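A short worksheet on the structure shown next.
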Amino acid sequence: MGPVPEISLTELGLGGYTPVGMVQNFLEFLHVDLGMPWWGAIVAGTVLARCLVFPLIVKGQREAAKLNNHMPEMSRLTNKMNEAKRSGNKFEFSKAYSDLMLFQKKHDINPLRGFLVPMVQAPVFISFFIALRKMAYLPVPSMQTGGLWWFSDLTVADPYYILPLAVTGSMWAILELGAESGVNNPNLQTMKTVFRIMPLIILPLTINFPTAVFTYWMTSNVFSLAQVAFLNIPAVREKLKIPERVQHDPSVLPKSEGFIKSMKTGWKNAQLAQQLEERERKIKHHLDIAAKGPLRQTFAQNPLQQKESTQVSVDGVKKGKKKQWENPLD
C-alpha cells in the first residue's frame with residue numbers, strides 16, 4: 001500500500017487567518033515543509049507555543065510568590081475591612097480599603113495579575129483543541145497514518161484508553177504541584193479541593209476524543225511538569241528574579257470559609273469598594289470644578305456686595321443729616 005497522497009488543508013476547507021486556522025497552517029508547515037510526521041508536528045507545535053508563553057509563566061510565579069509572602073498582612077487588612085462592612089461603618093471600611101491599596105502599591109502586588117497566565121493560556125489551548133478536532137473529524141487523510149505506536153490513526157479515539165488516563169493523571173499532578181501558578185499555600189486549599197475532582201469529571205466527557213487532541217494535551221501537561229521542576233531550582237529562581245516563598249504559620253493565615261462563600265464575600269467587598277471609589281471620584285470632580293471654574297454662589301445674598309449708600313453731599317455730610325457740631329437750630 002503506497003503512501004497517502006498529501007492534500008493541502010486549504011483544499012479541505014481548513015486553515016485561514018483565524019486563531020484556529022493559523023494553528024492548522026503552522027502544523028501543516030511543520031508536517032509538509034519540514035517533513036515531520038503529524039504526531040511530531042503536534043508535539044513540536046505544542047512545545048513551541050508553550051515556550052512562547054513561558055515569560056508569562058515566570059511573571060505569574062513572581063506575582064504568586066509576592067502575594068504569598070505578604071498574605072498575613074493583606075489578610076489582616078481584609079479582615080478589618082470585612083468587620084467594618086459588617087458593622088456598617090463606611091468610614092472605617094474606606095480607611096481599611098485605602099490602607100490595603102497603599103500596601104499593595106508599596107509592595108507592587110496586584111491579585112488580578114494572577115489571572116494573566118490562564119487568560120493567555122486558555123485561548124492557546126482552545127485554538128489547538130478546535131484545530132486538531134476539526135482536522136481529525138474531517139478527516140485529513142494523512143493523519144490516519146500519522147500517529148505513533150498503538151495510536152497510529154490520529155483521527156480516532158485511543159482503543160486502549162491509555163492517553164485519556166495519562167492526561168487525567170498528569171492534570172491531577174499539575175494541580176497538586178501548582179505548576180502553572182507557582183501557588184501552593186493553605187489559603188487556596190478549598191479551590192484546589194474543587195479542582196482535584198475536575199479531571200475525574202472531564203475524563204468521561206473526553207475519553208472518546210481523537211488521539212490527535214490527546215497528543216497535544218499530553219505534550220502540554222508533560223511540559224508543565226518539566227517546567228515546575230525547572231522553576232523549583234534555586235539558581236533558576238534567583239536568575240529569573242522569582243522571590244523565595246515564605247512558609248507562614250497557618251494561624252496567621254485566613255481560615256478557609258468555603259469556595260462559594262469566599263466568592264460571595266469577595267463580590268460584596270468589590271461592590272462596596274466600587275461605591276467608595278465612585279464617591280471619591282465625585283468629590284474630586286466637584287473639587288476640581290471649584291478650583292478651576294468660577295465661584296458658585298451658595299448663599300442668598302453676597303455679603304461682599306454692600307447696598308449703595310445714600311448720596312453724600314459735597315462737604316461729606318449725608319443728605320438730611322447734620323454734623324454733631326452744627327447748630328441744631330439752624
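The values are calculated or read from the model by the stated rules, or taken from the named source; none is laboratory data. Nothing here was measured: the structure is a model prediction, and the numbers come from that model. Using ideal geometry, Cβ is built from the backbone for each residue, glycine included, and neighbour counts are taken over all protein chains shown. Just so you know, the surface numbers come from the protein's heavy atoms only, side chains and all, with ligands and any DNA or RNA stripped out. Shrake-Rupley method; radii C 1.70, N 1.55, O 1.52, S 1.80 Å.
Annotations
- Residue tally, condition touching a helix residue (DSSP H, G or I) at 6+ places or on another chain (Cβ under 9 Å), open to solvent by 80 Å² or more (accessible area, probe 1.4 Å) and not aromatic (Phe, Trp, Tyr), over region 205-231: 1
- For beta carbons closer than 7 Å, sequence separation of 6+ or different chains, a first residue in region 95-114 that is without any contact (Cβ under 8 Å) to a residue 24 or more places away in the chain and a second that is assigned to a helix (DSSP H, G or I) and surrounded by 14 or more Cβ atoms within 10 Å (Cβ to Cβ), the qualifying pairs are 96/77; 96/80; 96/81; 96/84; 99/77.
- Residue within region 76-93 that is open to solvent by 40 Å² or more (accessible area, probe 1.4 Å), of a type outside the set (Val, Ile, Thr) and within 30 Å of residue 241 (Cα to Cα) present: yes
- Condition check for residue 159: assigned to a loop (DSSP other than H, G, I, E, B), at pLDDT below 90 and either in contact with a Leu (Cβ under 9 Å, 6 or more places away or on another chain) or buried (at least 19 other Cβ atoms within 10 Å of the Cβ) (or both): no
- Qualifying residue in region 121-133 (condition: out of contact with any Cys (no Cβ under 8 Å at 6 or more places or on another chain), over 30 Å from residue 67 (Cα atoms), surrounded by fewer than 14 Cβ atoms within 10 Å (Cβ to Cβ) and modelled with pLDDT under 90): no
- Test: residue in region 80-97 that is at pLDDT 80 or above and under 30 Å from residue 220 (Cα atoms): no
- When we screen 225, 200 for residues that are closer than 19 Å to residue 170 by Cβ and either at pLDDT below 85 or not in a helix (DSSP H, G or I) (or both), the only hit is 200.
- If you go through region 135-156 and pick out every residue that is assigned to a helix (DSSP H, G or I) and surrounded by fewer than 16 Cβ atoms within 10 Å (Cβ to Cβ), you end up with 3.
- Within region 12-22, considering residues that are in contact with a Leu (Cβ under 8 Å, 6 or more places away or on another chain) and not small (Gly, Ala, Ser), the one most open to solvent (accessible area, probe 1.4 Å): 12
- Taking (1) open to solvent by 40 Å² or more (accessible area, probe 1.4 Å); (2) closer than 30 Å to residue 29 by Cα in turn, residue 58 satisfies each apart from (1).
- Selection status of residue 132, assigned to a helix (DSSP H, G or I) and farther than 30 Å from residue 12 by Cα: no
- Residue within region 28-51 that is open to solvent by 50 Å² or more (accessible area, probe 1.4 Å), in contact with a Phe, Trp or Tyr (Cβ under 9 Å, 6 or more places away or on another chain) and within 21 Å of residue 145 (Cβ to Cβ) present: yes
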